[in-house]
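Asks: Dropping a structure here in C-alpha cells format, bear with me for questions.
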C-alpha cells in the first residue's frame, strides 16, 4: 500500500499541464486547464474574445472582468497565444 501511495505521489508531481491556446479553447477547456478559472470566467474570456478579437498578450486578459493580476500570474506558464 505504501509503495502505491509513493507511486501516486511521484506521478502527481511529475505530471505537467499542457499549455492552452487562449484564442481557440472552449469554455470547458479553459475552466479545466486554468487555475482560478471556472465556467463563468471562462465564458467571460470567450465573450471578450468574440467581441474584441483574439488576445495577443497575457496583459490583454486583464481587460476581462474577473481576471486579475494574481490569476494571470498563476496561469502565465499555461497560456499561449496564436490566432485561429
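The values are calculated or read from the model by the stated rules, or taken from the named source; none is laboratory data. Remember, predicted model here, so these are calculated numbers, not experimental data. Quick reminder, even Gly has a Cβ in these numbers, built from the backbone with ideal geometry, and neighbours come from all protein chains shown.
Asks: Exactly one of (1) crowded, with 17+ Cβ neighbours inside 10 Å; (2) in contact with a helix residue (DSSP H, G or I) (Cβ under 6 Å, 6 or more places away or on another chain) is unmet by residue 33. Its number?
Replies: Condition not satisfied by residue 33: (2).
Asks: Give the range 36-59 a look and list any residue that's buried (at least 18 other Cβ atoms within 10 Å of the Cβ), part of a helix (DSSP H, G or I) and in contact with a helix residue (DSSP H, G or I) (Cβ under 9 Å, 6 or more places away or on another chain), or say none.
Replies: Correct list: 41, 42, 45.
Asks: Output yes when any residue across the range 21-29 is at pLDDT 95 or above and in a strand (DSSP E or B), and no when none is.
Replies: Yes, because at least one residue in the range 21-29 is at pLDDT 95 or above and in a strand (DSSP E or B).
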